[in-house]
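Below: one structure, written as structure tokens.
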Amino acid sequence: MELDKNEYEEIEETVQESFNSQIVMGSKYKTRIEQETQKDQMMISGLLISIVFGIIGLTNVVNTLVTSIMARKMEFATMQSIGMTKKQMIARITQDGIVLCLSSFIVAVPISYFLIDILGNQLLLLTGFNGKIFMIGCTILFFIMMVVTLITSYIVTWSLNKKTLTERIADAG
């Protein structure tokens, strides 16, 4: 029996008003609405998990970059003593950050795509995964990582250059 939305709602209201718990009414319309709600909930959950992983990734990039720079304080101090400028130092730190971001992007995106494909298709967790949206999200995260790398290089260079060159060489040695 084919019913439109209004007819279905009318019949459902009549059944509910009868207070008969033995009558159960189901429909394709109601099932579709429930599935759409579940899909939206899964999508929101996936986005929240992605945001958490993105923040963890950004934190790791900053941590790795800062740790690398702090381990090379002596190298930077020596290079500045023979003529390296602040701009060159920022460019070098930014270049290191870009290499780090690119390598993590090249490794993480294919692995993530593969895992999502396995979880989504093989385990029948039909989440409505969209590869185009996935790549857009990854690209946005990549550009955010680049901006964070640039900001980090400026902040670390400013922090290192607060001390005199002689103090930095003495502290590193």
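Flag not set for Ile69, criterion: open to solvent by less than 90 Å² (accessible area, probe 1.4 Å), at pLDDT 85 or above, within 21 Å of the chain's Cα centre (by Cα) and over 30 Å from Lys5 (Cα atoms).
Here's the yes/no breakdown for (1) open to solvent by less than 90 Å² (accessible area, probe 1.4 Å); (2) touching a Leu at 6+ places or on another chain (Cβ under 6 Å); (3) assigned to a helix (DSSP H, G or I); (4) farther than 20 Å from Leu115 by Cα:
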| residue | (1), (2), (3), (4) |
| --- | --- |
| Ile11 | yes, no, yes, yes |
| Ile23 | yes, no, no, yes |
| Arg32 | no, no, yes, yes |
| Ile49 | no, no, yes, no |
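Among the residues of the range 37-51, those that are aliphatic (A, V, I, L, M) and over 12 Å from Leu141 (Cβ atoms) comprise Met42, Met43, Ile44, Leu47, Leu48, Ile49. One residue stands out among those in the range 58-106 that are outside any helix (DSSP H, G or I) and of a type in the set (A, V, I, L, M): the one that is nearest to Thr139 (Cα to Cα), which is Met84.
Counting only residues that are assigned to a helix (DSSP H, G or I), polar (S, T, N, Q) and without any contact (Cβ under 8 Å) to a residue 12 or more places away in the chain, the range 143-173 holds 2 of them.
Does Ile23 satisfy the criteria of being touching a helix residue (DSSP H, G or I) at 6+ places or on another chain (Cβ under 9 Å), of a type in the set (Val, Ile, Thr) and more than 30 Å from Ser159 (Cα to Cα)? Can you show your working first?
Working: touching a helix residue (DSSP H, G or I) at 6+ places or on another chain (Cβ under 9 Å): yes; of a type in the set (Val, Ile, Thr): yes; more than 30 Å from Ser159 (Cα to Cα): yes.
Yes: the conditions hold for Ile23.
Counting residues in the range 14-36 that are closer than 30 Å to Phe142 by Cα and in contact (Cβ under 8 Å) with a residue 24 or more places away in the chain gives zero.
The values are calculated or read from the model by the stated rules, or taken from the named source; none is laboratory data. Please read all numbers here as calculations on a predicted model, not as lab measurements. Don't worry about glycine lacking a Cβ; one is built from the backbone with ideal geometry, like all the others, and counts go over all protein chains shown. Areas reflect the complete protein model, heavy atoms only, side chains present, ligands, DNA and RNA absent. Shrake-Rupley method; radii C 1.70, N 1.55, O 1.52, S 1.80 Å.
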